[in-house]
1. Return only the number of the condition from (1) open to solvent by 10 Å² or more (accessible area, probe 1.4 Å); (2) within 15 Å of SER19 (Cβ to Cβ); (3) in contact with a Phe, Trp or Tyr (Cβ under 7 Å, 6 or more places away or on another chain); (4) not polar (S, T, N, Q) that PHE51 does not satisfy.
2. Search the stretch 292-312 for residues that are within 19 Å of ILE259 (Cβ to Cβ) and in contact (Cβ under 8 Å) with a residue 12 or more places away in the chain and pair each with any residue that is surrounded by 12 or more Cβ atoms within 10 Å (Cβ to Cβ) and among the hydroxyl-bearing types (Ser, Thr, Tyr) when their beta-carbon atoms are under 6 Å apart and the residues are at least 6 apart or on different chains.
3. In the stretch 139-168, what residues are part of a loop (DSSP other than H, G, I, E, B), open to solvent by 50 Å² or more (accessible area, probe 1.4 Å) and either modelled with pLDDT of 75 or more or touching a strand residue (DSSP E or B) at 6+ places or on another chain (Cβ under 8 Å) (or both)?
4. Does at least one position in the stretch 63-86 carry a residue that is more than 30 Å from ASN212 (Cβ to Cβ), in contact with a Phe, Trp or Tyr (Cβ under 9 Å, 6 or more places away or on another chain) and in a loop (DSSP other than H, G, I, E, B)?
5. Looking for whichever is modelled with pLDDT of 90 or more, of a type in the set (Lys, Arg) and surrounded by 11 or more Cβ atoms within 10 Å (Cβ to Cβ) here; the options are LYS282, LYS296, LYS300, LYS321. Which one fits?
6. Failed condition for THR31, given (1) open to solvent by 90 Å² or more (accessible area, probe 1.4 Å); (2) within 21 Å of the chain's Cα centre (by Cα), with all others met?
7. Condition test on ASN232, is it polar (S, T, N, Q), out of contact with any Gly (no Cβ under 9 Å at 6 or more places or on another chain) and open to solvent by 10 Å² or more (accessible area, probe 1.4 Å)?
8. Can you name every residue in the stretch 13-28 that is assigned to a strand (DSSP E or B) and either closer than 27 Å to ILE131 by Cα or open to solvent by 70 Å² or more (accessible area, probe 1.4 Å) (or both)?
Amino acid sequence: MMNDLVKISDIFDVKYGNSLELINLLQCKSTDYNSIPFVSRTEKNNGISSFVEQELDVEPNQGHTLSVAVGGSVLSTFYQPLEYYSGRDMYILSSKKQLSVIEMLYYAKVISLNKYRYNYGRQANRTLKDILIPKDISNKIKNKLSFFYKNTLNYISKEALNCKKIKLSTNDWYSFKLTELFEIRKGERLAIYDRIQSDYNIPLITASSENNGIIESISYLDFQFNKQINENKITIDMFFNVFYHEYKYFSDDNVHTLIPNFKYNKYILLFIVTVLKKHNYKYSFGRQSRIHRIEKEYIKLPIKNNKPDFKYMENYIKSLKYSASIGLVPCKDDS
């Protein structure tokens, strides 16, 4: 049964945010005393584009609210658990009744699904409050989200796998041609009927900057013998969106998979993904990263004995906060 739809303004108080300019604020590290997130019109990093020092005369937006961009990346909507500042063209949604974190995350996703209605020339400042969203959340959805939250998000650790701090300096890095390190494998074309299956159990990767490139799931059983299945690999799509996939996946012909010709693990590949993302600025809809261009790309990496220092890459990733959440156990400081 279709859920009853109501306006956003029926569930949330909708108000304009701080409308601050980042250039007028003092940027700092997230760990600095008196730092506060600055949320802007970006669709990345939960909308946080920087951390700034809190001003005595500027009241922050309250935590446990939704930030919504009505310009720029229109309708990029995120749950903000803590107090924060916001830039221009940002609206803040405060729930009129008590909503759990799970419910707030649900509404953030539902609101952002309406972004297809908008673009840079058609902003949402006048229509945001009238967008229709479900009045209630079914118990089935709540249970699924709660299960995910309790069994996944709550187990995310801030700890590092390696307690030793590692300095990162790019001064002595060396450029390697991508084809020296990887075989580049193009994805396969999938017909529409290939996607209409009863057994949706393996991710399909396509050209997208969101959700690790996953657009939907298709059938593993139907395609395991006649389609390429990859796992624990890096993908680069036609716009040079770069992601690491630890799981089995299919990819369409707008995506290329990098097959390493060296001994590797997830930490090494995550390091390389981060470096490759710096090349994204070169590509756009008019200049796509097809295989003939990817094969000419170079990547700068740390070296040892004139070869890529993969051990350094692994140890650096393991030294970062939250690395325990992609590894096995957090580090134990023996000092």
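1. That leaves (2) as the condition not met.
2. GLU295/THR179
3. GLU159, CYS163, LYS164, LYS165, LYS167, LEU168, listed by residue number.
4. So far as the stretch 63-86 goes, no, none of its residues is more than 30 Å from ASN212 (Cβ to Cβ), in contact with a Phe, Trp or Tyr (Cβ under 9 Å, 6 or more places away or on another chain) and in a loop (DSSP other than H, G, I, E, B).
5. LYS300
6. The failed condition is (2).
7. yes
8. Passing the criteria: ASP13, VAL14, LYS15, TYR16, LEU20, GLN27.
The values are calculated or read from the model by the stated rules, or taken from the named source; none is laboratory data. The shown structure was predicted, so the numbers you read here are calculated from the model rather than taken from an experiment. Cβ atoms come from the backbone with ideal geometry, glycine included; neighbour counts cover every protein chain shown. The area values use the complete protein model at the heavy-atom level, side chains included, leaving out ligands, DNA and RNA. Shrake-Rupley method; radii C 1.70, N 1.55, O 1.52, S 1.80 Å.
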